[in-house]
Amino acid sequence: MKGEDQLKQELNDFQKEKDRISSIVGQIGGSNGSSSNSLINIAFFGILFALIIFGGVLKKISLEIEIAAAILLVVLKIAWMIHEAQKVSHFQFWILNSLEFRINEMNKKVRNIEKTLKKIENNSDLKVKIEKTDI
């Protein structure tokens, strides 16, 4: 029973950590459902739809202006997508840098533990030699 309770607690801790990381990734643009991306997409398609209606259907805007505005919208959308990708890349770099730092810390601790174990081993060998000479 104690083992099951410990496993359930570890599972709950893991789920909490997973939810926390998901919310952090969502805040920096890692999820497709963020409100700023939705607003940008709605605005982009709304303006594009308005250009088609005013230029193509109602003939209120000349074809050259309509094409130039559509190209401008596409360029702005690509710039926005590059910006979002850059934010995600920065976050990934931050995570990898943090992992590298922790791995280096753990490596130093393991080396210290190895040195300590070697000292203890050498001391125990010395004690065994001393005990043998006493006999």
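General observations
- Sum of side-chain charges, I53 neighbourhood, beta-carbon under 13 Å (Lys, Arg +1; Asp, Glu -1): +1
- The count of lysine pairs in segment 32-134 with alpha-carbon distances below 29 Å, taking only pairs 8 or more places apart or on different chains, stands at 18.
- Kirkwood-type radius of segment 32-134, with distances r between different C-alpha atoms, in Å: 19.9 Å
- Pairwise FRET efficiency - N37 versus K59, Cβ, R0 = 35 Å, nearest 0.05: 0.55
- Other residues lying with their Cβ under 15 Å from the Cβ of I103 contribute a combined charge of +2, Lys and Arg counting +1, Asp and Glu -1.
- Theoretical gain in end-to-end length, K118 to F101 [0.36 nm per residue, Cα-Cα removed]: 3.5 nm
Throughout, read-outs are computed from the coordinates displayed, never taken from laboratory work. Predicted, not measured: the structure shown is a model, and the values here were computed from it. Cβ sites come from the backbone with ideal geometry, for glycine too, and all protein chains shown count toward neighbours.
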